[in-house]
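Here the structure is laid out as C-alpha cells; the discussion comes afterwards.
The values are calculated or read from the model by the stated rules, or taken from the named source; none is laboratory data. Just so it is clear, the structure is predicted and the values come from calculations on it, not from any experiment. Glycine also receives a Cβ, built like all others from the backbone with ideal geometry; neighbour counts cover every protein chain displayed.
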Amino acid sequence: MARDNPPKIRQRSQLERKKTLRASYDRVLIVSEGSRTEPLYFKEIRNTYRLQTANVEVHPSALGTEPIQVVRYAKQLFMAGDPNKRVRAKAFEKVFAIFDRDEHKSYFDALKLAESLDGKLRNDAKQPVIFRAIASVPCFELWLLLHYEDIRHPLHRAEVLARLKQFIPCYVKGASGSFAITKANLGIASQRARSLAALSSAFDATEPSTDIVELVMLLIALGK
C-alpha cells in the first residue's frame, strides 16, 4: 500500500512548518571548522537564550576543515540550502564562517574570500547579506581562556589548552557545557577580547585575537 506522505512531501512540509516558526529577528547561519566544539557552544547559547532554531542555524563545514573550505561551505549552504539539514536556500540575513588560525595554509585566503562576499550576496528578501569570517588566533579556546586570564602575547594552541585546563580541568575538545561553565565570566571575557581587537586583527595572524565575542554578543542581543 502506498504511503500517505512520501519522504519528499514530508520534507517540504517540515520546511514549511519551520518557516512559520521563525521569530521576527534576523536569521543567522553559522558554519564552523570544528565538527563539535563550536557547534555545541553556539547551540548552547541558542538554547540558553531561547532563540528559534529556524532563525539560528549552526552546522560544521561539510567540505573540510581548512578555513577556505569553511568559507566556501558557508556560501554553498547559504546559496543552495540543504533539505537534509532542513536549511532553505538564501534564508538568512547574516552568515558567519568560524575557523582558527592554527597552522592553516588557506587562512588568509579564507579571510579575503569572506570579505569579498560581505554585502554581495542577496537573500530571499532581496536584501544584501552580511558575510563575516569569525577567526581566532591561535584557536577557539583562546576565547574560553579569556574568561579567566588576560592574554597579551602570542600563544601556541597547545599552551592555550594547557592554561585553560588550569581553570577548567575537565575541559575536552568536543565536549558540551562550555558556555554554561564560562558564562559567569562573560563580561570580563568580552572586555578582554575587544581590548585585543583594538591592538590587532585576524589579518595580523600572530598576535592573539578572537572574533567569537562579536558573534556571541549578537546572539545574546537577539534573545533579548
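Brief remarks on what is shown
- Any hit, segment 196-209, residues being surrounded by fewer than 21 Cβ atoms within 10 Å (Cβ to Cβ), small (Gly, Ala, Ser) and outside any loop (DSSP other than H, G, I, E, B): yes
- Single unsatisfied condition, Ala189 versus (1) touching a residue at least 24 places away in the same chain (Cβ under 8 Å); (2) among the hydrophobic types (A, V, I, L, M, F, W, C); (3) more than 14 Å from Tyr41 (Cβ to Cβ): (3)
- Restricting segment 107-125 to residues that are among the hydrophobic types (A, V, I, L, M, F, W, C) and under 22 Å from Trp143 (Cα atoms) leaves a set whose member that is surrounded by the fewest Cβ atoms within 10 Å (Cβ to Cβ) is Phe108.
- Residue in segment 110-122 that is of a type in the set (S, T, N, Q) and either under 21 Å from the mean Cα position of the chain (by Cα) or at positive phi (or both) present: yes
- Residues of segment 94-109 that are under 24 Å from Ala158 (Cβ atoms), free of Cβ contacts under 8 Å to residues at least 60 places away in the same chain and either in contact with a Leu (Cβ under 6 Å, 6 or more places away or on another chain) or among the charged types (D, E, K, R) (or both): Asp102, Glu103, Lys105.
- For Leu215, the requirement of being under 15 Å from the mean Cα position of the chain (by Cα) and in a helix (DSSP H, G or I) is met.
- Residues that are modelled with pLDDT under 95 number at least 2 in the following helices (runs of 4 or more DSSP H) confined to segment 1-99: 7-20.
- Of all residues making up segment 215-224, the number that are in contact (Cβ under 8 Å) with a residue 40 or more places away in the chain and closer than 12 Å to Leu186 by Cα: 2
- Residues located in segment 108-152, provided they are in a loop (DSSP other than H, G, I, E, B) and over 20 Å from Phe92 (Cα atoms): Pro138, Cys139, Phe140, Leu146, His147, Tyr148, Glu149, Asp150, Ile151, Arg152
- Among the residues making up segment 157-176, those that are modelled with pLDDT of 95 or more and exposed (fewer than 15 other Cβ atoms within 10 Å of the Cβ) are Ala158, Glu159, Ala162, Lys165, Gln166, Pro169.
- Residue in segment 126-149 that is small (Gly, Ala, Ser), surrounded by fewer than 18 Cβ atoms within 10 Å (Cβ to Cβ), under 14 Å from Lys75 (Cα atoms) and modelled with pLDDT of 95 or more present: no
- Matching residues, segment 89-106, being surrounded by fewer than 22 Cβ atoms within 10 Å (Cβ to Cβ) and within 13 Å of Arg72 (Cα to Cα): Ser106
- Where a residue in segment 139-160 is free of Cβ contacts under 8 Å to residues at least 40 places away in the same chain and its partner, wherever it lies, is part of a loop (DSSP other than H, G, I, E, B), with Cβ under 7 Å and at least six apart: Cys139/Asp102; Leu145/Ile151; His156/Pro138; Val160/Pro138; Val160/Cys139
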